[in-house]
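The values are calculated or read from the model by the stated rules, or taken from the named source; none is laboratory data. Bear in mind that the values here come from a model prediction, so they are computed numbers and not experimental data. Cβ sites come from the backbone with ideal geometry, for glycine too, and all protein chains shown count toward neighbours. Ligands, DNA and RNA are stripped out before the accessible areas are found, and what is left, the full protein with its side chains, is counted by its heavy atoms. Shrake-Rupley method; radii C 1.70, N 1.55, O 1.52, S 1.80 Å.
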Amino acid sequence: MDSHSLKSVGATDTHSTEDNHKVSEEGAVTDITRHANAAHQSPVNSRRHLTPLLGKETYSPLSFQETMDKSVNAAMSHITGGLSPSGLSAAYTDWAAHLMTAPGKQIQLVEKAAKKAIRLANYAGFCAPGVNPETASPCPCIDPLPQDKRFSGEAWQKWPYNLFYQSFLLNQQWWYNATTGVRGVTKQHENVVEFATRQILDLFSPSNYLFTNPELLEQTQKESGQNLQRGMQNFLDDLQRTLNDQKPAGTEGFQVGKNLAVTPGKVVYRNRLIELIQYDAVTETVHPEPIFIVPAWIMKYYILDLSPENSLVKYLTEQGFTVFMVSWKNPDSDDRDLGMDDYRNLGIMDALDQIDRITGGQRVHGVGYCLGGTLLSIAAAAMARDADERFKTLSLFAAQTDFTEAGELMLFINESQVTFLEDMMWEQGYLDTKQMAGAFQLLRSNDLIWSRMVHDYLMGERAKMNDLMAWNSDATRMPYQMHSQYLRQLFLNNALAEGRYIVDNRPIAVSDIRVPVFAVGTERDHVAPWRSVYKLHLLADTDVTFLLTSGGHNAGIVSEPGHPRRRYRMATRKHDDRYQDPDTWFAEHEAQEGSWWPELAGWLKDRSGDLIEPSFSGDEALQPICDAPGTYVLQD
């Protein structure tokens with residue numbers, strides 16, 4: 001966090017403050033009143049967040065020069081989509097400078113270019129029109145990567161389209177060789193240059209253009225151009241939706257509370273940041289330990305309660321569990337000063353207090369997904385340090401505690417990029433959903449940008465909307481201070497893994513967590529790579545059951561029984577067992593077919609007590625506020 005930014009009183013701050021913050025008495029009173037009102041609404045003692053947020057206006061403490069610098073970066077971010085031009089230019093400068101002083105590498109690249117040109121020329125000669133196909137059956141110069149499906153159609157094997165895509169792939173391969181393996185370039189800069197160059201090359205892929213894509217030409221000829229007309233209509237519709245800040249086409253058929261997030265329940269607690277939902281029991285008896293789910297706040301909570309047939313919440317209630325779920329508020333500029341400690345206190349600790357009252361002091365099965373799992377780990381480590389034993393177990397879905405290998409997201413995480421993001425958030429008070437979505441789309445540009453444009457605008461075919469896609473378009477914002485702290489403390493400094501993350505003025509350690517842990521990674525995760533999730537084995541001093549499931553960050557978690565083509569691997573490492581690296585672990589554990597949800601339910605049942613009657617609070621002051629899914633999830 002920028003050292004000059006104002007922070008919540010009582011919130012952890014690991015950065016120095018040099019300016020004398022000037023806060024008007026009226027501003028302090030206003031914030032005290034707001035917190036008092038929130039405390040009055042909340043049945044639980046709100047001692048953790050009654051202190052006022054000093055200085056809601058974070059422009060005032062900055063000098064004119066600092067304000068000018070931040071304003072320039074903020075204005076520039078609207079052009080660059082949130083990417084720091086300074087960071088990108090520094091990476092290319094590092095690469096170019098070292099390549100210029102590496103004559104051996106230059107000679108190698110010249111040799112590779114010559115060899116590729118000769119191979120392509122020979123291939124072109126064999127494929128030329130008029131050559132007898134029986135006497136000439138050339139092998140391709142290069143095969144696409146397994147995940148690259150752009151040129152898999154039979155039409156791409158005919159002249160001249162085979163030359164188009166072969167030359168493109170050879171060029172792409174040469175540039176990979178050119179941007180990697182240059183001695184002296186930092187790993188961060190090498191990754192950025194390789195990634196950025198790949199994005200530029202993908203723009204010129206022959207699959208993206210009508211006259212170089214044989215499948216598009218065949219479709220256009222077959223339909224007499226009707227596909228292009230539909231594509232233009234799709235483009236204009238998407239443009240209008242973007243300009244009017246509307247959701248993508250097809251999402252109208254999916255509405256929260258009607259066919260999404262419909263598992264019956266009640267909002268039993270609300271504060272300024274969360275609503276806590278308790279789902280109705282569907283069995284006559286339940287396990288005494290409730291399940292408390294903390295989803296990521298980057299998206300709406302109901303990914304774990306999508307449609308009735310793929311709702312994890314519904315599945316767990318059917319297994320005899322009492323389930324509670326956090327529904328995060330969609331923050332706006334008024335919430336700019338909410339920090340990580342506010343999310344921990346308001347999102348987890350207050351909710352645990354309420355669950356404790358409702359269940360009569362039962363221990364809790366904590367479940368965290370993505371950022372929610374990281375926050376849950378922070379809270380659990382702090383509670384373990386302070387001898388708070390309310391957690392019975394922890395389950396972490398695609399959640400990282402060590403961020404040294406956090407995948408391609410690290411391309412966007414360095415001092416230059418974080419500073420640029422901070423200045424962008426400083427201007428508006430939050431990180432916007434479109435800015436987040438753009439970064440994630442770049443990580444899978446072939447699938448999420450170019451393939452979609454070809455399919456929607458040139459083929460003229462809309463992909464059928466489903467519940468997961470509708471949820472994915474329902475993103476939330478992230479407050480300025482929280483996101484800055486998250487990026488700096490966890491991504492840049494890796495403070496949680498290294499025992500330097502501060503909670504209540506003292507550091508915490510993941511190794512203090514001694515309750516059993518069920519950790520889930522997904523094979524094709526671009527957000528929390530499974531080998532990064534696996535690093536929990538190096539940090540936790542407890543029994544860890546690690547499960548690796550097929551699918552990506554979202555689809556791998558939404559893996560209900562009966563879902564086709566699902567598989568998983570699973571093993572438990574006792575706290576005193578020797579460490580096994582992830583690749584060895586993967587090789588030694590065979591995949592099992594089916595959903596992993598029954599494994600989770602069985603693991604939780606083995607660590608739960610005898611069945612009892614469902615628990616509901618009889619205290620009039622703690623009566624439900626409204627029906628699920630509540631009100632926060634409906635905020636745009």
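What the table below lists for this structure:
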| read-out | value |
| --- | --- |
| Output for the stretch 82-119, where each listed residue is over 30 Å from N414 (Cα atoms), among the aliphatic types (A, V, I, L, M) and in contact (Cβ under 8 Å) with a residue 60 or more places away in the chain | A113 |
| Filter pass, G366 being assigned to a strand (DSSP E or B) and touching a strand residue (DSSP E or B) at 6+ places or on another chain (Cβ under 8 Å) | yes |
| Residue within the stretch 305-318 that is open to solvent by less than 10 Å² (accessible area, probe 1.4 Å), within 20 Å of the chain's Cα centre (by Cα) and under 21 Å from L273 (Cβ atoms) present | yes |
| Residue selected from the stretch 156-165 under the condition part of a helix (DSSP H, G or I) and open to solvent by 20 Å² or more (accessible area, probe 1.4 Å), by the criterion farthest from H98 (Cα to Cα) | Q157 |
| Residue within the stretch 124-147 that is charged (D, E, K, R), open to solvent by 40 Å² or more (accessible area, probe 1.4 Å), over 31 Å from the mean Cα position of the chain (by Cα) and more than 30 Å from E461 (Cα to Cα) present | yes |
| Condition check for T393: under 27 Å from I508 (Cα atoms), touching a Pro at 6+ places or on another chain (Cβ under 7 Å) and either open to solvent by less than 10 Å² (accessible area, probe 1.4 Å) or aromatic (F, W, Y) (or both) | yes |
| Selection from the stretch 428-453 of residues that are part of a helix (DSSP H, G or I), modelled with pLDDT of 70 or more and more than 19 Å from N234 (Cβ to Cβ) | Q428 |
| Verdict on K300 being over 24 Å from S484 (Cβ atoms) and either in contact with a helix residue (DSSP H, G or I) (Cβ under 9 Å, 6 or more places away or on another chain) or of a type in the set (S, T, Y) (or both) | no |
| Qualifying residue in the stretch 544-565 (condition: surrounded by 16 or more Cβ atoms within 10 Å (Cβ to Cβ) and of a type in the set (K, R)) | no |
| Residues located in the stretch 561-594, provided they are farther than 14 Å from A519 by Cβ and among the small types (G, A, S) | G562, A587, A591, G594 |
| Residue check, F168 surrounded by 12 or more Cβ atoms within 10 Å (Cβ to Cβ), more than 30 Å from D94 (Cα to Cα) and of a type in the set (F, W, Y) | no |
| Hits in the stretch 55-69 (condition: modelled with pLDDT under 70 and either of a type in the set (S, T, N, Q) or open to solvent by less than 50 Å² (accessible area, probe 1.4 Å) (or both)) | G55, T58, S60, P61, L62 |
| Selection count, the stretch 454-478, where residues are outside any loop (DSSP other than H, G, I, E, B) and at pLDDT 90 or above | 10 |
| Flag for V313 being in contact with a helix residue (DSSP H, G or I) (Cβ under 7 Å, 6 or more places away or on another chain) and β-branched (V, I, T) | yes |
| Strands (runs of 3 or more DSSP E) wholly inside the stretch 483-577 that include at least 3 residues being in contact (Cβ under 8 Å) with a residue 24 or more places away in the chain | 501-503, 517-522, 544-549, 567-573 |
| The stretch 529-541, residues that are surrounded by 20 or more Cβ atoms within 10 Å (Cβ to Cβ) and either over 25 Å from V364 (Cα atoms) or touching a Lys or Arg at 6+ places or on another chain (Cβ under 8 Å) (or both) | P529, W530, S532 |
| Any hit, the stretch 602-617, residues being without any contact (Cβ under 8 Å) to a residue 60 or more places away in the chain, in a loop (DSSP other than H, G, I, E, B) and open to solvent by 70 Å² or more (accessible area, probe 1.4 Å) | no |
| Residue, nearest to the chain's Cα centre (by Cα), within the stretch 587-601, restricted to residues that are over 30 Å from E284 (Cβ atoms) and open to solvent by less than 70 Å² (accessible area, probe 1.4 Å) | A591 |
